[in-house]
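Participant: My questions all concern the structure below.
The values are calculated or read from the model by the stated rules, or taken from the named source; none is laboratory data. Note that the structure is predicted; figures quoted are calculated from it, not measured. Cβ placement follows ideal geometry from the backbone for every residue including glycine, while neighbour counts extend to all protein chains displayed. Heads up: the accessible areas ignore ligands, DNA and RNA and are worked out on the full protein's heavy atoms, side chains in. Shrake-Rupley method; radii C 1.70, N 1.55, O 1.52, S 1.80 Å.
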Amino acid sequence: MPVRTVLSPALAAAALAFSTASHAGEVYGNIGLPGLMIGYAHAVNDRLTLRADVASIGSISADGREEGIEYDGKARLNRAGLFADWFVFGSGGFRLTGGITINDMRINLRAQGSGQTVHIGDTDYVLSADDRLDVRVKFPTVTPYIGIGWGHQPQGTGWGFVADLGASIGKAKVRGKATGPTLDNPAAQEDFRKELDELRDGVGKVRFVPQLSIGVSYRF
């Protein structure tokens, strides 16, 4: 499902709620996981605040060598979020947060042989420069979010402190392919599928992306 299709009605609903609320608005900025964040919050009443923000660490590239394979990796972590904050005690700033995040989170790995022996699945292979392995790990596009935090409660105007601890809940998918003269045969493809299955088993244990961030807000 395209991100635009999911995001447009959600933003429209948030905008309607913001426009009909009687309390003052707030802008805020956080840093931590998932990166740098900017957002807007608007209180519906003394116990409920609606928020929308975007966060990003951009793209990170890394080169390395493992089992005779030279590889380069690129990671991308961007997300938008729509949240509702409920202030459990009515005052004091502590809150429970729920919502959804719209994610662009993935890791791409590209590896090429260097003439050395590598172990893939149950077999050792001597890879040529024309052999290549590509693997992608991708987090779901839309995920629920739950967490706790501090701040965003309407208490006059001016500066404030905000903090969040929570997680976007979802399981990443792993896909890949092996190409080249050494790997273009049924036995090598089966070994590569075993490697992918092992990676899926490891990635499958990670079922959420954490958020841990602190920042400042300004109410007006």
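Participant: Those residues that are in contact with a helix residue (DSSP H, G or I) (Cβ under 7 Å, 6 or more places away or on another chain) and within 30 Å of residue 25 (Cα to Cα), I need them from segment 128-180; list them, please.
Facilitator: Within segment 128-180, 141, 142 qualify.
Participant: Would you confirm whether or not segment 184-198 contains a residue that is closer than 30 Å to residue 83 by Cα and in contact with a strand residue (DSSP E or B) (Cβ under 7 Å, 6 or more places away or on another chain)?
Facilitator: Step one: filter segment 184-198 for residues closer than 30 Å to residue 83 by Cα, giving none.
No.
Participant: Please give the number of the condition residue 91 fails out of (1) under 30 Å from residue 161 (Cβ atoms); (2) open to solvent by less than 40 Å² (accessible area, probe 1.4 Å); (3) modelled with pLDDT under 85; (4) not aromatic (Phe, Trp, Tyr).
Facilitator: (2)
Participant: Now, a different point. Looking only at segment 110-131, count how many residues are in a strand (DSSP E or B), modelled with pLDDT under 85 and hydroxyl-bearing (Ser, Thr, Tyr).
Facilitator: Qualifying residue count for the region: 1.
Participant: Based on this model, can you work out whether residue 211 counts as in contact with a Gly (Cβ under 9 Å, 6 or more places away or on another chain), assigned to a loop (DSSP other than H, G, I, E, B) and farther than 30 Å from residue 114 by Cβ? It would help to see each step written out before you state the result.
Facilitator: Values: in contact with a Gly (Cβ under 9 Å, 6 or more places away or on another chain): yes; assigned to a loop (DSSP other than H, G, I, E, B): no; farther than 30 Å from residue 114 by Cβ: yes.
Criteria not met by residue 211.
Participant: Specify the residue that is most open to solvent (accessible area, probe 1.4 Å); the eligible residues are those in segment 171-208 that are assigned to a loop (DSSP other than H, G, I, E, B) and in contact with a Lys or Arg (Cβ under 9 Å, 6 or more places away or on another chain).
Facilitator: Taking segment 171-208 as the starting set, the residues that turn out to be assigned to a loop (DSSP other than H, G, I, E, B) are 171-172, 180-185, 204-207.
Among the residues that remain, those that are also in contact with a Lys or Arg (Cβ under 9 Å, 6 or more places away or on another chain) are: 171-172, 180, 183, 204, 206-207.
Values: 171: 100, 172: 19, 180: 20, 183: 3, 204: 9, 206: 82, 207: 133 Å².
If we take residues in segment 171-208 being assigned to a loop (DSSP other than H, G, I, E, B) and in contact with a Lys or Arg (Cβ under 9 Å, 6 or more places away or on another chain), then 207 is most open to solvent (accessible area, probe 1.4 Å).
Participant: I'd like to know if segment 115-122 contains one or more residues that are in contact (Cβ under 8 Å) with a residue 12 or more places away in the chain and at positive phi. So that I can check it myself, show each step before the final result.
Facilitator: Of the residues in segment 115-122, the ones in contact (Cβ under 8 Å) with a residue 12 or more places away in the chain are 115-122.
Checking which are at positive phi leaves us with 115, 121.
Taking every residue of segment 115-122 in turn, at least one turns out to be in contact (Cβ under 8 Å) with a residue 12 or more places away in the chain and at positive phi.
Participant: Let me ask another. Run residue 137 past the list (1) of a type in the set (A, V, I, L, M); (2) touching a residue at least 40 places away in the same chain (Cβ under 8 Å); (3) within 16 Å of residue 34 (Cα to Cα) and report the number of the one that doesn't hold.
Facilitator: (3)
Participant: Let me ask something else about it. Go through segment 154-170 and count every residue that is open to solvent by 80 Å² or more (accessible area, probe 1.4 Å) and at pLDDT below 90.
Facilitator: Taking segment 154-170 and keeping what is open to solvent by 80 Å² or more (accessible area, probe 1.4 Å), we get 155, 157, 159, 161, 165.
Next, only the ones that are at pLDDT below 90 stay: 155, 157.
Of the residues in that region, 2 qualify.
Participant: Here is a further query. Could you list, in sequence order, the residues of segment 89-139 that are more than 30 Å from residue 48 (Cα to Cα) and β-branched (Val, Ile, Thr)?
Facilitator: Quick first cut of segment 89-139, residues more than 30 Å from residue 48 (Cα to Cα) only: 106-138.
Once the filter is applied, which keeps residues that are more than 30 Å from residue 48 (Cα to Cα) and β-branched (Val, Ile, Thr), segment 89-139 yields 107, 117, 118, 120, 123, 126, 135, 137.
Participant: Shifting gears a bit: Where the second residue is surrounded by 14 or more Cβ atoms within 10 Å (Cβ to Cβ) and of a type in the set (Val, Ile, Thr) and the first is farther than 16 Å from residue 112 by Cα and lies in segment 179-194, which pairs have Cβ atoms under 7 Å and are six or more apart or on separate chains?
Facilitator: Partner pairs satisfying both residue conditions: 191/120.
Participant: Can you run down the residue pairs with Cβ atoms below 6 Å, 6 or more apart or on separate chains, where the first is in segment 79-108 and among the hydroxyl-bearing types (Ser, Thr, Tyr) and the partner is open to solvent by less than 40 Å² (accessible area, probe 1.4 Å) and assigned to a loop (DSSP other than H, G, I, E, B)?
Facilitator: none
Participant: Sort through 79, 106, 51 and tell me the only one that's among the charged types (D, E, K, R), more than 25 Å from residue 138 (Cβ to Cβ), part of a strand (DSSP E or B) and at pLDDT 90 or above. Walk me through it before giving the result.
Facilitator: Working: 79 fails: more than 25 Å from residue 138 (Cβ to Cβ); 106 fails: more than 25 Å from residue 138 (Cβ to Cβ).
Going through 79, 106, 51 in turn, just one is among the charged types (D, E, K, R), more than 25 Å from residue 138 (Cβ to Cβ), part of a strand (DSSP E or B) and at pLDDT 90 or above: 51.
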